[in-house]
There are 6 protein chains.
Amino acid sequence: MRHDGRTADMIRPVTIETDYLIHPEGSVLISVGNTKVICTATIEERVPHFLRGSGKGWVTAEYSMLPRATGQRTQREASKGKIGGRTMEIQRLIGRALRAVINLEALGERTIWIDCDVIQADGGTRTASITGAFVAMAMAAAKLHVEKGLAQFPISDFLAATSVGKTSEGELILDLDYVEDSAAAVDMNVVMTGGGAFVELQGTGEESTFTRDEMNGLVSLAEEGLKQLFTIQKEALGSVAQLINPVGGVE
Amino acid sequence: MRHDGRTADMIRPVTIETDYLIHPEGSVLISVGNTKVICTATIEERVPHFLRGSGKGWVTAEYSMLPRATGQRTQREASKGKIGGRTMEIQRLIGRALRAVINLEALGERTIWIDCDVIQADGGTRTASITGAFVAMAMAAAKLHVEKGLAQFPISDFLAATSVGKTSEGELILDLDYVEDSAAAVDMNVVMTGGGAFVELQGTGEESTFTRDEMNGLVSLAEEGLKQLFTIQKEALGSVAQLINPVGGVE
Amino acid sequence: MRHDGRTADMIRPVTIETDYLIHPEGSVLISVGNTKVICTATIEERVPHFLRGSGKGWVTAEYSMLPRATGQRTQREASKGKIGGRTMEIQRLIGRALRAVINLEALGERTIWIDCDVIQADGGTRTASITGAFVAMAMAAAKLHVEKGLAQFPISDFLAATSVGKTSEGELILDLDYVEDSAAAVDMNVVMTGGGAFVELQGTGEESTFTRDEMNGLVSLAEEGLKQLFTIQKEALGSVAQLINPVGGVE
Amino acid sequence: MRHDGRTADMIRPVTIETDYLIHPEGSVLISVGNTKVICTATIEERVPHFLRGSGKGWVTAEYSMLPRATGQRTQREASKGKIGGRTMEIQRLIGRALRAVINLEALGERTIWIDCDVIQADGGTRTASITGAFVAMAMAAAKLHVEKGLAQFPISDFLAATSVGKTSEGELILDLDYVEDSAAAVDMNVVMTGGGAFVELQGTGEESTFTRDEMNGLVSLAEEGLKQLFTIQKEALGSVAQLINPVGGVE
Amino acid sequence: MRHDGRTADMIRPVTIETDYLIHPEGSVLISVGNTKVICTATIEERVPHFLRGSGKGWVTAEYSMLPRATGQRTQREASKGKIGGRTMEIQRLIGRALRAVINLEALGERTIWIDCDVIQADGGTRTASITGAFVAMAMAAAKLHVEKGLAQFPISDFLAATSVGKTSEGELILDLDYVEDSAAAVDMNVVMTGGGAFVELQGTGEESTFTRDEMNGLVSLAEEGLKQLFTIQKEALGSVAQLINPVGGVE
Amino acid sequence: MRHDGRTADMIRPVTIETDYLIHPEGSVLISVGNTKVICTATIEERVPHFLRGSGKGWVTAEYSMLPRATGQRTQREASKGKIGGRTMEIQRLIGRALRAVINLEALGERTIWIDCDVIQADGGTRTASITGAFVAMAMAAAKLHVEKGLAQFPISDFLAATSVGKTSEGELILDLDYVEDSAAAVDMNVVMTGGGAFVELQGTGEESTFTRDEMNGLVSLAEEGLKQLFTIQKEALGSVAQLINPVGGVE
């Protein structure tokens, strides 16, 4: 039994509130336990320099935390005048993950800007960001699909992320909160498509290591959690979920 | 009649949700019409260099907007690597305003960090920030008062802010939303204490000017709005409101 | 009687030396007591991005202090690598104030760059900057008017600024020097046109407040000082003063 | 057969030249095919703020590329004034990886600074950096061990890294060069200890995905390459290799 | 005959106005033809980190130009967020030059900050800065000498600087103005002590070269100009000039 | 006899390894004693803004040191977020020096980027950079000459640099290493063409001075060293040396 009463293979309660803000093309507030992230998707009718004239679009992401998303106040990166390594790592991960399920040709020469702003942090902010950002992106894509009459819906599959870890006692657990994450010997983030294929798999020993068997155990645990996340995303998306292929993969 | 059905002397619907986040010592979500700001107050047990050993505390504020708080996506200041002039102006205003009702000796050598993060913008973000930040600060001060057994509650009066303006047709209106603010000839922000004294008064002609009579008309309009805001703050604060003196001023 | 022998309603001696530098289109050295500011106006034959093709011009301002303009040496903002909040606030104020008396259509697609460099500071640097910058701008506009044969002189009225304040004893005084400013309970900057209309009015309690009556008393005091400044500007401008309308307002 | 004549399970020729520079406590030039990295280890007799008084040391890493390490000249990060996301990601990875085999208590309150400067790039610069940096760190630790008479040698095991990938035709290959890396559908970096435990495992689909079987296939391939790298490290280290435990793991 | 009527070996008219500002310990306005520089000297009662406890002082310099010191407006370095290479080169030169005639032990653990702000530029701003800064520094040192009762006056000799150059026609000329400097094939700055010894000698071919004979001709020309500058400095300093040794050298 | 056994007029052993890297158009590793610099030359088919349409090319240089090129680790300028004054001074010197022997019209509208990265420092890094960069530039120019069929080889003469100095005992010495440079009273860098003309001559007293005779003595010493460097450059360049005019000057 874990400190919050969950068994090793349970995820925290997850809610995804769509159309959370009035301005963005897509926006959600995702809560994974006490972790809360506002994810928005913005459609911009142009692409970065390296794609101009290519007929292909782009997806890019930015990530930030409010200063008091955390127990101790964190200094703003705007005040420091630069973005830290952790933030860079996370926003590169979010963008790369989402691009795996976007058909950039179908999107056309447009950029989807994803913004993930953590308003409350309790572990797993990067995986919550990916899971929520996917829904915001799908909402924005659906709006674009209608308004611009795209030939093809540009999102090819569902996408979600979760974390798994090995405790200092060697137990494998799913969806770590902050307390668990701080004490974990190994931490692994898994990004998977609705069809069950891996997009990113990042396992890290924190002054510790893991075996091949542990690797496979962690991945199995993640798969269980991700199936539940796909169901929650599907419900949040409502009719938009029908546009995504192959929908069969997320049943 | 204004574009949203209000008369010239009406404020927008205002709600203040306290204890909005789990980590900060004080936190609120304030909504003024569609403008929504998360305001948090953090108590830090030290003061800036220039106050060390003085026995006095400090209040400082930071302000930011999520990229999609606005109709068009705004680039993050962290990405630009510097804080813009508008942000600086606003966060200096918030800090200065709050310091007018804080007894810095009673606070002791502590800093109260105020963070105002606009998650949705529809005009009046700086005045909503001040009105909400006051409540977050009072909540944090009440917690501090109990935990540290302060000799005196460090907040001496209520404080709120609103905007007034002159339309291009010369009409004076209260609590401008974004559409009204963009078209206004004159814009004035008024920060007032519960006792009715002015703390800040910033009237600005936008390629336009105003007379002494218009100045007095705008100030009167602001006073009407501010009285309503004090009542809403008092309700949001519940029993904490009793600690603030002179409470008589806000009836 | 004030510490320098002035009565409450007296301004300090003011001189405006025009054509102070050989390179700029307009330049002055303004002295307000011991406060000395070099103000220059530069005409650039292009406008910021947001005005291209609009047929309208722009006025923008920058403000700085030499390190030893002050009693203690101040670190250069170039050395710090960023511009501080106070500087930003002041340069935004100067630009906004000047734009109130410029006819941007008459200016055409040009930018007037205003540079205010304080070489000696003794209180009131921002108001001296506005008063001096107006003269430099008018000189540059007159040169432009002749060289480019503008259909209409682009400056519609005189513009000057002064400060007023409330001492800790509650007395209202005009044109505060550094010693008075440091000790003041309330500080107000007033920017007015030659025709007597307000452009900016910024009253600030420094951990203090002010009443409606005090507000009106301060504004009246400022109006007295501003009338004298208009006369001094008019003399400094010589024949250029004739180009400004309505000249009647500044008699 | 690959474009350079290797079979799928072959690494490129690897050489590690120790004592490459005269100043650092440890330094190597590692060549992995045409990829060449200067790795240095510096011992500093103090630790970051968060470890002072803890009795524990720290290992941190910085990574950079010469402008013409690459086919096209890359702008220097010093000229841009900031470190890019890719660099941050890599230097965080190098530091984290090395900390897995360092006994920070045995190191004592010291920091080992690792600098990896790529002088020529042809794919796999981050894994070459880790493999080379381990040797530089061991050399520096050996010198420290003698000079300071440490009670225990602070490095507990060998550590090396390699990359594996899936080609667009679905073939799994070991130690990708630049041409292969640019075209790969999936790219995985594996950091392993001499004892065969994983420290980091980062698999990334580049607008593509991978299955569980492919994950296991890639990991097996990496293990083969890493065994060869441990042998090369051992030879490069000479007698210093004897100090590392458990040496049995690297036979 | 040169474009402004001078012969090859003539300097421009030079004036040095001392006590130009009220706040600094030493301040001058130096004019060399149309080049005008405000030079100030500030005494700070501490030294940089590397000199603490050494009993020795330090001299450091900063240099800047007002945006409209030049014919075209130059962007402020504070706005750019960084100091350019030319500025760095000049301020390092000024500091180094002044340190050659300061007895840092006699100064004691104090820093003299030199600020050179060019308010009007017409060639030779760096040499005018050195010549003026020397006078400001001597004034500040004289004040310090009296107030702190130094055992020994810390300035050991006079110091001035001038420029010489070779025109595209091969003529050697003294004290180049902007027009001459822009067209020169070779430019040389010479910093010399009152005793006739060289402190800095920087000869630069601008896409051109110079012979040994030309080098000696340029140096001779500079010596002639420098003798005149020492006389002007001596007059500006009045009785302070008596404190400097060996005064014999500047007759 | 000097600390390393050289007489006053001896240079250190110099080697220049050409084609040191596979990617750049020209690259060398130059060693001057223990000072080692990688110099690369990159041809870019465009010019800076101020030369567009002029038919002329440009040469620009950047300089950096690896953190452990030095005895103590130096913080990276990329980590600091800005380039220091010393670096700026050196890279401006390198670019200016090389431009003296380039025929920019013959080069055409192209930029040659020179990168000098010091991998090991023992005094004289700037002069070694110039000497090595010349060879890299000549190699790149030869490649360009063939590939683009330039009408004229764009390099008009050899170019090399060395340092000379005066010890604290007053002795004049050639090619100072770090130990000598740190203790020198006067330091002079001399950049000369193969034809014997000076391009740059920078003599600096380090809290010290030098006479006219010493100046001439130092320059003579430098000329001796430079003749040897031209021979070494010529050997390193092989057949490319034939393209440079006037080759007679370097016999």
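The values are calculated or read from the model by the stated rules, or taken from the named source; none is laboratory data. What you see is a predicted model; the values in this text were computed from it and never measured. As a convention, Cβ positions derive from the backbone with ideal geometry for all residues, glycine included, and neighbour counts pool all protein chains shown. Heads up: the accessible areas ignore ligands, DNA and RNA and are worked out on the full protein's heavy atoms, side chains in. Shrake-Rupley method; radii C 1.70, N 1.55, O 1.52, S 1.80 Å.
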*Mind checking the angle between helix F:85-99 and chain F's longest principal axis? C-alpha axes, 0 to 90 degrees, to the nearest 10.*
50 degrees
*Using alpha-carbon coordinates, inclination of helix E:212-237 to the longest axis of chain E, degrees*: 50 degrees
*Expressed as a rounded percentage, what relative contact order does the range B:127-213 have, with Cα pairs under 8 Å and six or more residues apart?*
23 percent
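Can you work out the accessible area per residue across the range D:154-251, with the rest of the protein chains kept in place, probe 1.4 Å, in square angstrom?
35 Å²
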*By DSSP, what percent of the beta bridges with both residues in the protein assembly as shown are antiparallel, rounded to the nearest 5?*
85 percent
_With DNA, RNA and ligands ignored, accessible area of E:Ile102 (1.4 Å probe; Å², nearest 10)_ = 20 Å²
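If you wrap a convex hull around the alpha carbons of the range E:3-116, what volume per residue comes out, as a whole number of Å³? Mind showing how you got there, number by number?
Details: hull volume 17.5 nm³, N = 114.
Measuring per residue, one finds 153 Å³ for the Cα hull of the range E:3-116.
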*Going by alpha carbons, how many degrees (0 to 90, nearest 10) lie between the helix axis of C:125-148 and the longest principal axis of chain C?*
10 degrees
_Length-normalised contact order for chain A - Cα pairs under 8 Å, 6+ apart - percent_ = 21 percent
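Leaving out ligands, DNA and RNA, calculate the buried accessible area for the pair E and F with a 1.4 Å probe, summed over both sides, in Å² to the nearest 100.
Using a 1.4 Å probe, the pair buries roughly 2900 Å².
Other chains' Cβ within 10 Å of B:85-98 residues: what's the mean?
Counting Cβ atoms of other protein chains within 10 Å of each residue's Cβ and averaging gives 3.
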_Cα-based equivalent ellipsoid, the protein assembly as shown: semi-axes from gyration tensor eigenvalues, Å_ = 51, 51, 30
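Could you work out the mean count of beta carbons from other protein chains within 10 Å of each residue's beta carbon in F:60-73? If you can, show how the numbers build up before the last one.
Values: counts 0, 0, 6, 0, 7, 0, 11, 8, 16, 7, 2, 3, 3, 10.
Average per residue, whole number: 5.
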_Neighbour cut-off at most 16 other Cβ (10 Å), DSSP loop, GluC sites (Glu not before Pro), the range B:157-223_ = B:Glu169, B:Glu171, B:Glu207
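Please report the antiparallel percentage of DSSP beta bridges with both residues in the range B:1-155, rounded to the nearest 5.
Numbers: 22 of 30 bridges.
Among the beta bridges of the range B:1-155, antiparallel pairing accounts for roughly 75 percent.
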*Relative contact order, percent, of the range E:126-177 when contacts are C-alpha pairs under 8 Å separated by at least 6 residues?*
34 percent
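I'd like the mean, over residues of A:115-123, of how many other protein chain beta carbons sit within 10 Å of each residue's own Cβ.
On the way: counts 5, 0, 8, 0, 9, 7, 3, 2, 0.
Mean shielding count: 4.
Counting only other residues whose beta carbon sits under 11 Å from that of A:Glu109, what net charge do I get with K and R as +1, D and E as -1?
On the way: positive: A:Arg46, A:Arg52, A:Lys56, A:Arg110; negative: A:Glu44, A:Glu45, A:Glu105.
Charge balance in the 11 Å sphere: +1.
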_Please report the spacing between the Cα centers of the range E:143-180 and the range F:9-80 in Å, no decimals._
34 Å
*Whenever you get a sec, compute what percent of the accessible area on the protein assembly as shown sits on carbon and sulfur atoms (1.4 Å probe).*
49 percent
*Going from the alpha-carbon gyration tensor of chain F, what semi-axes, largest first and in whole Å, does one get by taking the root of 5 times each eigenvalue?*
30, 21, 17
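Mean 1/r over all different Cα pairs, inverted: what Kirkwood radius does the range B:170-251 give, in Å? Intermediate values should be presented prior to the final figure.
Numbers: mean 1/r = 0.0708 Å⁻¹.
Result for the range B:170-251, one decimal place: 14.1 Å.
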*For each pair in B:Lys166/E:Lys80; D:Lys234/F:Lys234; A:Lys56/D:Lys80; C:Lys143/E:Lys82; E:Lys148/F:Lys82, compute the distance between the two Cα atoms and list the pairs where it is over 32 Å.*
B:Lys166/E:Lys80; D:Lys234/F:Lys234; C:Lys143/E:Lys82; E:Lys148/F:Lys82
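Let me check I've understood the local charge: for C:Met192, count other residues with C-beta under 12 angstrom from its C-beta, Lys and Arg +1, Asp and Glu -1. What total comes out? Write down the numbers at each step before the final one.
On the way: positive: B:Arg212, C:Lys227; negative: C:Asp157, C:Glu200, C:Glu223, C:Glu224.
The answer is -2.
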*Can you list the distances in nanometres, one decimal and ascending, from the E:Lys227 label point to the identical position in each other copy, with the point 7 Å along Cα to Cβ?*
3.6, 6.4, 8.7, 8.7, 9.9
*A:His49: accessible area at probe 1.4 Å, nearest 10 Å²?*
150 Å²
*Cβ-based net charge around E:Asn34, under 11 Å, with every Lys or Arg adding one and every Asp or Glu removing one*: -1
*Which number comes out as Rg/Rh for the range F:33-74 once both Rg and the Kirkwood Rh are worked out on C-alpha atoms?*
1.19
*Please compute the Cα-Cα pair-distance distribution of the range F:162-201 with 10 Å bins starting at 0, giving whole percents from short to long.*
32, 45, 22, 1
*Scale the Cα Rg of the range E:114-233 by the rule-of-thumb value 2.2 N^0.38 Å and send over the ratio, two decimals.*
1.19
